[in-house]
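Written below as structure tokens is the structure these notes are about.
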Amino acid sequence: MQWDVVWNNFDYFLWGAFPDGPIGGLAASIILALLGIFGAFWIGLAAGLMRLSRNKVVKSVSVVYIEVIRGVPLLMLIFWFYFLAPVVLGRSLPEFHCALIAFIVFTGAYIGEIVKAGVIALPRGQMEAARGTGLSHVQAMRYVILPQALRNMIPSFVNQFVSLTKDTSLAYIIGVNELTRTATQVNNRTLSAPTEIFITIAILYFVVCYVLTWASRRMEAHMAKYQARDR
Amino acid sequence: MPARSSRKQRIDVLNYQFDWNLVLSGQYGQWIIDGVKITLEISAVSIVFTMLLGTIVAVMRMSKFKPFEWFSFAFVEFFRNTPLLIQIFFWYFGSYSILPDAVNEWLYDHDFEFAAGVISLTVYTAAFVAEEIRAGINSIPKNQLEASRATGLSFLQAYRYVILPQAFRIIIPPLISQSLNLIKNSSLVMTIGVMDLTYMARQIESYTFHGFEAFTVATLIYLCISLVVSFMINMYNKHFLLQIKY
């Protein structure tokens with residue numbers, strides 16, 4: 001076992017060549033995941049609400065988006081944006097942007113499902129009471145339903161964020177310099193300690209993801225106390 | 001697997017000639033078919049092992065024997081919270097120094113990429129499957145067990161005739177959707193050189209520059225598989241799930 005290989009490159013795993021070069025490693029993975037979840041939240045919110053719309057056209061747009069994206073491997077989606085951005089835009093996008101767009105579009109579909117389920121899970125009485133006080137449908141959504149539903153969804157969002165953090169490893173395939181790529185770089189350079197390197201990388205991902213999973217479980221248990229219920 | 005640098009070339013939008021025949025027939029069509037075969041093959045093998053391993057891990061978690069419980073807990077949490085890609089790399093690049101030499105030699109003589117792919121897909125998905133099975137069994141109210149014990153059934157009989165038949169109805173849909181996830185995740189094994197559908201689509205892209213057609217065909221094939229599976233889950237839910245009422 002040659003753990004010194006890991007030890008010598010540990011700062012490179014954590015933030016790449018950061019002070020002297022572009023940020024990379026675990027830091028880049030987390031940045032990618034944070035930007036991804038932020039973008040995906042808005043797309044997912046729109047998709048989820050469109051999915052609940054009574055308008056057939058609006059609804060079917062959302063259904064097609066959600067079903068197609070959920071039916072296709074993320075890797076395929078990354079390739080779509082990577083190889084076809086040049087065809088559509090006439091110029092190539094940086095790898096980081098391609099990966100980020102793919103993550104946003106991909107995660108957006110899953111968040112759409114979460115939003116839909118979260119809104120449906122609220123008791124019908126909430127909407128009826130809100131409409132009864134004279135709010136319009138949009139106002140009732142905006143001021144009564146969504147504030148409650150979104151709060152209940154926070155644990156699911158955190159779980160989705162954990163998934164996305166794991167999925168950022170796929171950005172390696174098109175050449176984004178994140179944690180997985182730093183690992184393969186060090187592995188290719190040293191060629192002597194693949195077991196140690198990949199165990200270390202797995203543990204780094206694990207620490208980030210497990211802390212978040214744990215937090216989301218705590219939150220879920222905490223929130224269950226304050227949820228509006230049918231009686 | 002770094003991307004080709006030739007991608008940087010400017011591709012003229014207006015002059016892009018679609019050539020669907022190229023990817024649907026002849027050599028490249030054959031590649032797609034071979035790719036689909038490998039994708040289905042690696043998925044089928046992994047699904048079988050996943051169900052076995054997942055059941056074992058779930059049973060260990062529910063046993064009253066502490067070391068088993070801890071092992072199962074650690075297994076599930078560790079493999080669920082690390083990326084599949086890292087696990088694939090670990091089994092492919094890193095497993096030789098922890099496996100016995102005899103196993104390594106056997107693996108190198110056979111299709112090592114395929115085996116590493118199966119192992120990583122199996123272990124990764126089994127962690128999720130174990131949780132689904134555990135959740136399914138836990139969702140059966142405790143008084144079902146108590147009531148069946150009270151009628152004179154033994155513990156095993158109670159599980160065999162009362163708990164499991166109910167639990168399976170709840171467990172099967174999530175297990176099918178985990179299998180579907182596995183099929184989609186199997187696209188990652190292209191990174192270690194298993195020639196699955198995604199690998200072939202990318203290969204055609206690099207040989208012919210007709211990535212648009214190749215990726216469209218591959219995407220549609222994945223989509224068909226997913227839609228068929230979702231359809232099966234929906235049918236299943238319609239026929240069986242509604243009958244359970246507490």
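Step by step: first the residues of region A:142-183, then only those that are aliphatic (A, V, I, L, M) and over 28 Å from residue A:18 (Cα atoms), then the one that is farthest from the other protein chains (Cβ to nearest Cβ). Which residue is that?
Here is the first cut: in region A:142-183, the residues aliphatic (A, V, I, L, M) are A:144-146, A:149-150, A:153-154, A:158, A:162, A:164, A:170-171, A:173-174, A:176, A:179, A:183.
Filter once more, keeping what is over 28 Å from residue A:18 (Cα atoms): A:144-146, A:149-150, A:153-154.
On the way: A:144: 31, A:145: 26, A:146: 28, A:149: 23, A:150: 25, A:153: 20, A:154: 19 Å.
Here the residue is A:144.
Criterion first (more than 26 Å from residue B:187 (Cα to Cα) and surrounded by 14 or more Cβ atoms within 10 Å (Cβ to Cβ)) does residue B:51 satisfy it?
Details: more than 26 Å from residue B:187 (Cα to Cα): no; surrounded by 14 or more Cβ atoms within 10 Å (Cβ to Cβ): yes.
Taking the combined requirement at face value, the residue does not satisfy it.
Determine which member of the set B:85, B:107 is away from chain A (no Cβ under 13 Å) and within 22 Å of the chain's Cα centre (by Cα). It would help to see each step written out before you state the result.
Numbers: B:85 fails: away from chain A (no Cβ under 13 Å).
Exactly one residue qualifies, and that residue is B:107.
In region A:7-47, what residues are under 21 Å from residue A:205 (Cα atoms), in contact with an Asp or Glu (Cβ under 9 Å, 6 or more places away or on another chain) and crowded, with 20+ Cβ neighbours inside 10 Å?
Within region A:7-47, A:16, A:24, A:25, A:26, A:28, A:29, A:32, A:33, A:36 meet the criteria.
Condition check: of a type outside the set (Phe, Trp, Tyr) and free of Cβ contacts under 8 Å to residues at least 24 places away in the same chain. Does residue A:86 satisfy that?
Details: of a type outside the set (Phe, Trp, Tyr): yes; free of Cβ contacts under 8 Å to residues at least 24 places away in the same chain: yes.
Yes.
Here is a list of conditions, (1) within 28 Å of residue A:159 (Cα to Cα); (2) surrounded by fewer than 19 Cβ atoms within 10 Å (Cβ to Cβ), and residue B:153 meets all of them except one; can you say which number that is?
That leaves (1) as the condition not met.
Restricting to region B:218-239, name every residue that is within 11 Å of chain A (Cβ to nearest Cβ) and either in contact (Cβ under 8 Å) with a residue 60 or more places away in the chain or of a type in the set (Gly, Ala, Ser) (or both).
Result: B:218, B:221, B:226, B:230.
Of all residues in region B:87-106, count the ones that are without any contact (Cβ under 8 Å) to a residue 24 or more places away in the chain, part of a helix (DSSP H, G or I), under 20 Å from residue A:203 (Cα atoms) and not small (Gly, Ala, Ser).
So the count comes out to 2.
Looking only at region A:199-211, decide whether some residue is surrounded by fewer than 20 Cβ atoms within 10 Å (Cβ to Cβ), more than 10 Å from chain B (Cβ to nearest Cβ) and under 18 Å from the mean Cα position of the chain (by Cα).
So far as region A:199-211 goes, no, none of its residues is surrounded by fewer than 20 Cβ atoms within 10 Å (Cβ to Cβ), more than 10 Å from chain B (Cβ to nearest Cβ) and under 18 Å from the mean Cα position of the chain (by Cα).
Among the residues in region B:191-207, are any outside any helix (DSSP H, G or I), surrounded by 21 or more Cβ atoms within 10 Å (Cβ to Cβ) and out of contact with any His (no Cβ under 7 Å at 6 or more places or on another chain)? I'd like the intermediate steps shown before the answer.
In the first step, residues of region B:191-207 are kept if they are outside any helix (DSSP H, G or I); the result is B:193-196.
With the extra rule that they be surrounded by 21 or more Cβ atoms within 10 Å (Cβ to Cβ), the set shrinks to B:194, B:196.
Among the residues that remain, those that are also out of contact with any His (no Cβ under 7 Å at 6 or more places or on another chain) are: B:194, B:196.
Yes: region B:191-207 contains one or more residues that are outside any helix (DSSP H, G or I), surrounded by 21 or more Cβ atoms within 10 Å (Cβ to Cβ) and out of contact with any His (no Cβ under 7 Å at 6 or more places or on another chain).
Mind counting the residues in region A:89-111 that are modelled with pLDDT of 90 or more and surrounded by fewer than 19 Cβ atoms within 10 Å (Cβ to Cβ)?
Filtering region A:89-111 down to residues modelled with pLDDT of 90 or more leaves A:96-111.
Next, from what is left, pick out any that are surrounded by fewer than 19 Cβ atoms within 10 Å (Cβ to Cβ): A:97.
Here the count works out to 1.
Only one of A:27, A:99 is in contact (Cβ under 8 Å) with a residue 24 or more places away in the chain and hydrophobic (A, V, I, L, M, F, W, C). Can you tell me which?
Details: A:27 fails: in contact (Cβ under 8 Å) with a residue 24 or more places away in the chain.
Of A:27, A:99, the one residue that is in contact (Cβ under 8 Å) with a residue 24 or more places away in the chain and hydrophobic (A, V, I, L, M, F, W, C) is A:99.
Every residue in region B:16-45 that is of a type in the set (Ser, Thr, Tyr), touching a Phe, Trp or Tyr at 6+ places or on another chain (Cβ under 9 Å) and part of a helix (DSSP H, G or I), please. It would help to see each step written out before you state the result.
Taking region B:16-45 first, the residues of a type in the set (Ser, Thr, Tyr) are B:16, B:25, B:28, B:39, B:43.
Going one step further and asking which of them are touching a Phe, Trp or Tyr at 6+ places or on another chain (Cβ under 9 Å), we end up with B:16, B:28, B:39.
Those that are of a type in the set (Ser, Thr, Tyr), touching a Phe, Trp or Tyr at 6+ places or on another chain (Cβ under 9 Å) and part of a helix (DSSP H, G or I): B:28, B:39.
Where residues in region A:185-198 are more than 7 Å from chain B (Cβ to nearest Cβ) and assigned to a helix (DSSP H, G or I), which of them is surrounded by the most Cβ atoms within 10 Å (Cβ to Cβ)? Show your work before the answer.
Residues of region A:185-198 that are more than 7 Å from chain B (Cβ to nearest Cβ), as a first pass: A:185-186, A:188-193, A:196-197.
Still in the list and also assigned to a helix (DSSP H, G or I): A:185-186, A:188-190, A:196-197.
Details: A:185: 18, A:186: 22, A:188: 10, A:189: 10, A:190: 16, A:196: 20, A:197: 27.
Going through the qualifying residues, I end up with A:197.
Quick check on residue A:162: is it touching a Cys at 6+ places or on another chain (Cβ under 9 Å) and more than 14 Å from residue B:85 (Cβ to Cβ)? Spell out the reasoning first.
Details: touching a Cys at 6+ places or on another chain (Cβ under 9 Å): yes; more than 14 Å from residue B:85 (Cβ to Cβ): yes.
Yes: the conditions hold for residue A:162.
What residue, of A:72, A:68, A:58, is assigned to a helix (DSSP H, G or I), within 14 Å of chain B (Cβ to nearest Cβ) and closer than 23 Å to residue B:227 by Cα? Break it down stepwise before answering.
On the way: A:72 fails: assigned to a helix (DSSP H, G or I); A:58 fails: within 14 Å of chain B (Cβ to nearest Cβ).
Within the list A:72, A:68, A:58, the selection yields A:68.
Results for (1) at pLDDT 90 or above; (2) aliphatic (A, V, I, L, M), shown as yes or no for each residue.
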{"position": "A:190", "(1), (2)": "no, no"}
{"position": "A:195", "(1), (2)": "no, no"}
{"position": "A:198", "(1), (2)": "yes, no"}
{"position": "A:204", "(1), (2)": "yes, yes"}
{"position": "A:226", "(1), (2)": "no, no"}
{"position": "A:231", "(1), (2)": "no, no"}
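Quick one: is residue A:92 under 15 Å from the mean Cα position of the chain (by Cα) and within 13 Å of chain B (Cβ to nearest Cβ)? Write out each step before concluding.
Details: under 15 Å from the mean Cα position of the chain (by Cα): no; within 13 Å of chain B (Cβ to nearest Cβ): yes.
Here the answer is no, as residue A:92 does not meet what is asked.
Return only the number of the condition from (1) at pLDDT below 90; (2) not in a helix (DSSP H, G or I) that residue B:152 does not satisfy.
(1)
Out of everything in region A:75-84 that is aliphatic (A, V, I, L, M) and in contact with a helix residue (DSSP H, G or I) (Cβ under 6 Å, 6 or more places away or on another chain), what residue ends up being farthest from the other protein chains (Cβ to nearest Cβ)? Steps first, answer last, please.
Taking region A:75-84 as the starting set, the residues that turn out to be aliphatic (A, V, I, L, M) are A:75-78, A:84.
Now restrict to residues that are in contact with a helix residue (DSSP H, G or I) (Cβ under 6 Å, 6 or more places away or on another chain): A:75-78.
Numbers: A:75: 5, A:76: 5, A:77: 8, A:78: 10 Å.
Out of the qualifying residues, it is A:78.
Which one of A:121, A:129 is free of Cβ contacts under 8 Å to residues at least 24 places away in the same chain, of a type outside the set (Ser, Thr, Tyr) and more than 14 Å from every other protein chain (Cβ to nearest Cβ)?
Details: A:121 fails: free of Cβ contacts under 8 Å to residues at least 24 places away in the same chain.
Just one listed residue meets the conditions, A:129.
The values are calculated or read from the model by the stated rules, or taken from the named source; none is laboratory data. Because the structure is predicted, anything quoted here is derived from the model rather than measured. A quick note on method: Cβ atoms are made from the backbone with ideal geometry, for glycine too, and the neighbour counts reach across all protein chains shown.
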